[in-house]
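The values are calculated or read from the model by the stated rules, or taken from the named source; none is laboratory data. The structure presented is a predicted model; accordingly, all values stated were derived computationally and were not measured. Here the Cβ positions follow ideal geometry from the backbone for every residue, glycine too, while neighbour counts run over all protein chains shown.
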Amino acid sequence: MTTLYSYFRSSASYRVRIALNLKGQGFDTIPVHLLNQGGEQFLPGFSQLNPHSLVPVLAHEGQHLTQSLAILEYLEERFPMPSLLPGDALQRARIRALSLDIACEIHPLNNLRVLRYLKHQLGVDDDQKADWIQHWIKLGFCALEIQLAADTRRGHFCVGDMPTMADCCLIPQMFNARRFEVDMAPYPTLMAIEAACNALPAFQQAHPAQQPDAA
Ligand SMILES: N[C@@H](CCC(=O)N[C@@H](CS)C(=O)NCC(=O)O)C(=O)O
């Protein structure tokens, strides 16, 4: 029995949904609404599972796992095929680096609690908040576009012709970028990878709009 505590628009949850689907692991979803009731992530039932009050949490075989990339690594070890980290040590380091470029350098700056702090503690208005969000996505995407466009290891996906952990991270961030109205024209390589990913059922079924808690 595998259960994912998830919020439909959470990009970290989206990463795990894609990985579970790619690996053919069925799962139940327990929605954690990040806005209702002041944020269900802060309710005791959830914050006991993850004291950081962040989704996703994966429940598997009686254990609760946090941090989407750690969960992806766990799924890779438990269910090796199809691999999300294929290739030699150098290639795997490359896949992990691309994943971290997104999960550590772009996503946390635009997380809900950061945006709330900007607004409520620092008095940033909605236009400034939108600038902030777009700034960090653009900075990260510009670098990713340069890296991936020049990379001979790139195939239909970030690395090679099968989806990897890097694609599990990229596609949710692309979704976020579109949601926040980032102009995607400067990122043709990222958009080509996005099209290849979104042609696959594993990515389609993980899309926020397909989730039971989709608004
Ligand atoms: N590094 C964490 C990030 C988790 C995270 O930031 N989750 C967001 C949704 S994408 C969240 O729960 N935010 C709640 C909040 O900011 O209060 C991971 O990869 O799992």
| said: Which condition from (1) touching a residue at least 60 places away in the same chain (Cβ under 8 Å); (2) crowded, with 18+ Cβ neighbours inside 10 Å; (3) under 22 Å from Arg116 (Cα atoms) is the one that Leu98 breaks? | reply: (3)
| task | Check Leu65 against each of (1) without any contact (Cβ under 8 Å) to a residue 24 or more places away in the chain; (2) part of a helix (DSSP H, G or I); (3) under 18 Å from Tyr14 (Cβ atoms) and name the one condition it does not meet. | result | (2)
| note | Of those in the range 46-62 that are part of a loop (DSSP other than H, G, I, E, B) and of a type in the set (S, T, N, Q), the residue surrounded by the fewest Cβ atoms within 10 Å (Cβ to Cβ) is Gln48
| Restricting to the range 111-145, what's the tally of residues that are of a type in the set (D, E, K, R), more than 16 Å from the ligand (Cβ to nearest atom) and in a helix (DSSP H, G or I)? | 5
| task | Any chance you could count how many residues in the range 192-208 are within 20 Å of Ala12 (Cβ to Cβ) and either part of a helix (DSSP H, G or I) or at pLDDT below 95 (or both)? | result | 10
| query | Out of (1) surrounded by fewer than 14 Cβ atoms within 10 Å (Cβ to Cβ); (2) touching a Phe, Trp or Tyr at 6+ places or on another chain (Cβ under 9 Å), the odd one out for Ala177 is which? | reply | (1)
| Filter result for the condition that a residue is of a type in the set (A, V, I, L, M, F, W, C) and crowded, with 17+ Cβ neighbours inside 10 Å, over Leu43, Leu65, Leu35 | Leu65
| said: Take Leu148 and tell me if it is buried (at least 20 other Cβ atoms within 10 Å of the Cβ), free of Cβ contacts under 8 Å to residues at least 60 places away in the same chain and not in a loop (DSSP other than H, G, I, E, B). | reply: yes
| task | Look at the range 71-102 and say how many of its residues are within 16 Å of the ligand (Cβ to nearest atom), of a type in the set (Gly, Ala, Ser) and closer than 13 Å to Cys168 by Cβ. | result | 1
| field | Top-ranked residue of the range 1-43 - restricted to ones that are modelled with pLDDT under 95 and assigned to a helix (DSSP H, G or I), ranked as nearest to Val114 (Cα to Cα) | value | Gly38
